[in-house]
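Novice: One structure, as structure tokens, below. Some questions next.
The values are calculated or read from the model by the stated rules, or taken from the named source; none is laboratory data. Source: prediction; values computed, not measured. Here Cβ is always computed from backbone atoms with ideal geometry, including for glycine, and neighbour counts include all displayed protein chains. These area figures cover heavy atoms from the full protein model, side chains too; ligands, DNA and RNA do not enter into them. Shrake-Rupley method; radii C 1.70, N 1.55, O 1.52, S 1.80 Å.
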Amino acid sequence: MTDHASATADAALHEHVVIIGAGAAGLTAGIYTARANLSPVILAGLQPGGQMTITTDVENYPGFAEVIQGPWLMTEMQSQAENVGARVIYDLVTDLDTSARPFRMKLDSGKVMTADVVILATGAQARWLGLESESAFNGRGVSACATCDGFFYKDRDVAVIGGGNTAVEEALYLANICRSVTLVHRRDSLRAEQIMQDRLLKKDNITVEWNRAVAEVLGDETGVTGLRLSSTGNDDDKVISVHGMFVAIGHDPATKAFADAVALDDEGYIIAEAGGTRTSVDGVFAAGDCVDKIYRQAVTAAGMGCMAALDAERWLGEQE
Ligand code: NAP
């Protein structure tokens with residue numbers, strides 16, 4: 001503990017580098033900061049392993065010729081971080097005070113922790129429709145990531161739900177893999193950028209179900225077989241036959257506890273410098289899906305975790 005830290009931290013535990021979040025970004029930041037001899041602590045929060053723990057087959061994470069399982073990959077990543085010296089603590093940050101250094105965190109356990117450097121890597125959660133049948137078929141035909149799961153529906157019929165950039169991007173991506181894509185949108189106009197809409201409407205194998213909402217995901221022991229669509233106007237329900245449903249109605253970054261700590265954009269994502277991981281507060285870095293609303297892949301989150309660790313190391317060097 002530095003003199004400054006011991007003078008200001010009262011009964012708080014002081015750590016040199018605290019990484020908040022134990023998904024691909026946080027664990028990779030842990031691996032790099034540990035190997036740089038910075039003694040990182042990773043606060044693992046509510047979902048250690050992050051979004052990868054709720055996926056099954058993964059075949060787009062480089063380095064594995066055969067299909068691997070998301071939870072297995074994250075267990076390996078955590079063991080790798082621990083093996084090189086990162087300490088994982090199962091606690092949740094409920095408040096982060098960045099108004100003075102060392103930065104001060106309140107934890108769910110009641111403990112207080114201070115840190116010279118903080119790396120925010122709390123990720124995001126996909127929004128779901130909230131239907132019982134949707135959760136019943138999650139991972140068996142229901143997905144929130146076309147890039148992750150689209151290939152499993154090669155030459156089959158799928159639906160994408162939503163009308164924003166993500167939904168249109170996912171529909172276009174799936175149209176290159178699947179036999180047909182039905183975009184289901186609750187209004188009669190899309191929120192997505194015009195150029196994306198033009199591309200969507202030009203695709204022969206994409207149809208749009210306007211003014212429709214998913215009332216029920218239909219299926220059997222093989223997985224999803226169709227969707228019952230209700231009308232948001234006055235039309236009757238209709239059933240479409242699909243094997244996959246991709247929900248693309250937005251994500252929520254897990255940044256509520258940091259609203260007063262660092263600058264967030266109007267959707268709640270942490271604002272980081274272009275091409276880097278520095279936030280609005282000197283000494284606080286951010287990586288992964290709590291910053292990135294575009295790429296949202298485990299490998300890009302891991303890459304950003306590495307960048308945050310290198311940025312943190314350089315920043316600490318500048319302080320000395
Ligand atoms: P979004 O822009 O918030 O769009 C969400 C869509 O889902 C909207 O069309 C919304 O319908 C619909 N929706 C929301 N809740 C729903 C519900 N319960 N049932 C049915 N439909 C529902 O989210 P996003 O597309 O994920 O994009 C998030 C941000 O990332 C945006 O700023 C976007 O521009 C950005 N983004 C950029 C790129 C890119 O630049 N390449 C790619 C992806 C995302 P309504 O339209 O009726 O509200």
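Novice: Rounded if a/c is under 1.5, else prolate if a/b is larger than b/c, else oblate: which is region 163-254, with a ≥ b ≥ c the root eigenvalues of its Cα gyration tensor?
Specialist: Cα axes put region 163-254 in the rounded bin.
Novice: Still on this structure, please answer the following. Viscosity 1.567 mPa s, temperature 4 °C: Stokes-Einstein D of region 47-162 from its Kirkwood Cα radius, in µm² per second?
Specialist: Result for D is 74 µm²/s.
Novice: Springs between alpha-carbon atoms under 10 Å, Gaussian network over the chain: tell me which of GLN197, GLN297, GLN51 tops the mean-square fluctuations.
Specialist: Sorting by GNM fluctuation, first place goes to GLN197.
Novice: Using the Karplus curve 6.51 cos²θ - 1.76 cosθ + 1.60 with θ = phi - 60°, work out ³J(HN,Hα) for each residue of region 93-100 in order, rounded to whole Hz, and write x for Gly and Pro.
Specialist: 7, 9, 7, 10, 10, 10, 6, 8
Novice: Taking the DSSP beta bridges in the chain as the whole, what percent of them are antiparallel, to the nearest 5?
Specialist: 45 percent
Novice: Separate question: Pairs of alpha-carbon atoms within less than 8 angstrom and 6+ residues apart define the contacts here; what relative contact order does the chain have, in percent? Working shown, then result.
Specialist: Numbers: 738 pairs, mean separation 64.0, N = 320.
Computed value for the chain: 20 percent relative contact order.
Novice: State, in angstrom, two size descriptors of the chain derived from its alpha carbons: Rg to one decimal place and Dmax to the nearest whole number.
Specialist: Spelled out, the Cα radius of gyration and Dmax of the chain are 21.6, 71 Å.
Novice: So for TYR90, TYR173, TYR153, what's the accessible-area order with a 1.4 Å probe, most first?
Specialist: Numbers: TYR90 140, TYR173 90, TYR153 30 Å².
Of TYR90, TYR173, TYR153, the descending order of accessible area is TYR90, TYR173, TYR153.
Novice: Moving on. Express the relative contact order of region 190-320 as a whole percentage, based on alpha carbon pairs under 8 Å and six or more residues apart in sequence.
Specialist: That works out to 12 percent.
Novice: Straight-line reach from LYS106: which lysines have Cα under 24 Å away, leaving out those fewer than 8 places along the same chain?
Specialist: List returned: LYS256.
Novice: Now for a separate question. In terms of Cα to Cα distance under 23 Å, which lysines are near enough to LYS154, apart from those fewer than 8 places away along the same chain?
Specialist: LYS202, LYS203
Novice: Residues with amide H under 5 Å of VAL281's amide H, sequence separation 5 or more or different chain, H placed in the peptide plane at 1.01 Å from N; which?
Specialist: Hits under the 5 Å cutoff: ALA263.
Novice: Which shape class applies to region 118-229: rounded if a/c is under 1.5, otherwise prolate when a/b exceeds b/c and oblate if not, where a ≥ b ≥ c are the square roots of the Cα gyration tensor eigenvalues?
Specialist: Note, shape of region 118-229 comes out rounded.
Novice: Pick out which of LYS111, LYS202, LYS293 has the largest mean-square fluctuation in a Gaussian network model of the chain, springs linking Cα atoms closer than 10 Å.
Specialist: With Cα springs under 10 Å in the chain, the top fluctuation among LYS111, LYS202, LYS293 is at LYS202.
Novice: Let me ask another. Just to check I understand the Karplus step: with θ = phi - 60° and J = 6.51 cos²θ - 1.76 cosθ + 1.60, what whole-Hz values come out for region 229-245, glycine and proline as x?
Specialist: Working through the residues one at a time gives 9, 8, 9, 8, x, 10, 6, 6, 4, 9, 10, 10, 9, 9, 9, x, 10 Hz.
Novice: Sticking with this structure for a sec: Of the beta bridges DSSP finds with both residues in region 73-184, what % are antiparallel, to the nearest 5? The partial results should precede the final answer.
Specialist: On the way: 8 of 14 bridges.
Rounded to the nearest five, the antiparallel share is 55 percent.
Novice: Shifting gears a bit: Under the rule of -39500 (n - 2.57) per DSSP H run of 4 or more residues, summed and divided by the residues of the chain, what mean residue ellipticity at 222 nm is obtained, to the nearest 500 deg cm²/dmol? It would help to have the intermediate numbers written out before the result.
Specialist: On the way: 8 runs with 83 residues, N = 320.
It lands at -7500 deg cm²/dmol.
Novice: When the chain is modelled as a GNM with alpha-carbon springs shorter than 10 Å, which of THR33, THR232, THR114 fluctuates the most?
Specialist: Taking springs between Cα atoms under 10 Å, the residue moving most is THR232.
Novice: What cysteines in the chain have no other cysteine with a beta carbon less than 4.7 Å from their beta carbon?
Specialist: Here CYS178, CYS290, CYS306 come out as lacking a disulfide-compatible partner, given the Cβ-Cβ threshold of under 4.7 Å.
Novice: Quick query: amide H of MET245 versus all other amide H atoms, modeled in the peptide plane; which residues come in under 5 Å with a sequence gap of 5 or more or a different chain?
Specialist: Result for MET245 returns VAL142, SER143, ALA159.
Novice: What are the ³J(HN,Hα) values, in whole Hz, obtained from phi via the Karplus relation 6.51 cos²θ - 1.76 cosθ + 1.60 with θ = phi - 60°, for each residue of region 41-47 in sequence order, with x given for Gly and Pro?
Specialist: Couplings: 10, 10, 8, 7, x, 7, 10 Hz.
Novice: Further, regarding this structure: Excluding PRO253 itself, what net charge comes from residues whose Cβ is under 14 Å from its Cβ, given Lys and Arg +1 and Asp and Glu -1?
Specialist: Net of charged neighbours comes to -2.
Novice: Roughly speaking, what % of Cα-Cα pairs in region 238-320 are separated by over 21 Å, rounded to a whole number?
Specialist: Value for region 238-320 (Cα pairs over 21 Å): 39 percent.
Novice: If I model a spin label as a point 7 Å beyond the Cα along the Cα-Cβ vector, how far apart are those points for VAL67 and ASP97 in nm?
Specialist: 5.0 nm
Novice: In cubic angstrom, how much convex hull volume per residue do the alpha carbon atoms of region 148-204 span?
Specialist: Cα-based convex hull of region 148-204, divided per residue, equals 71 Å³.
Novice: Further, regarding this structure: So who's got an amide H within less than 5 Å of the one on THR94, skipping anything under 5 residues away but keeping other chains? H placed 1.01 Å off N, in plane.
Specialist: LYS106, LEU107, ASP108
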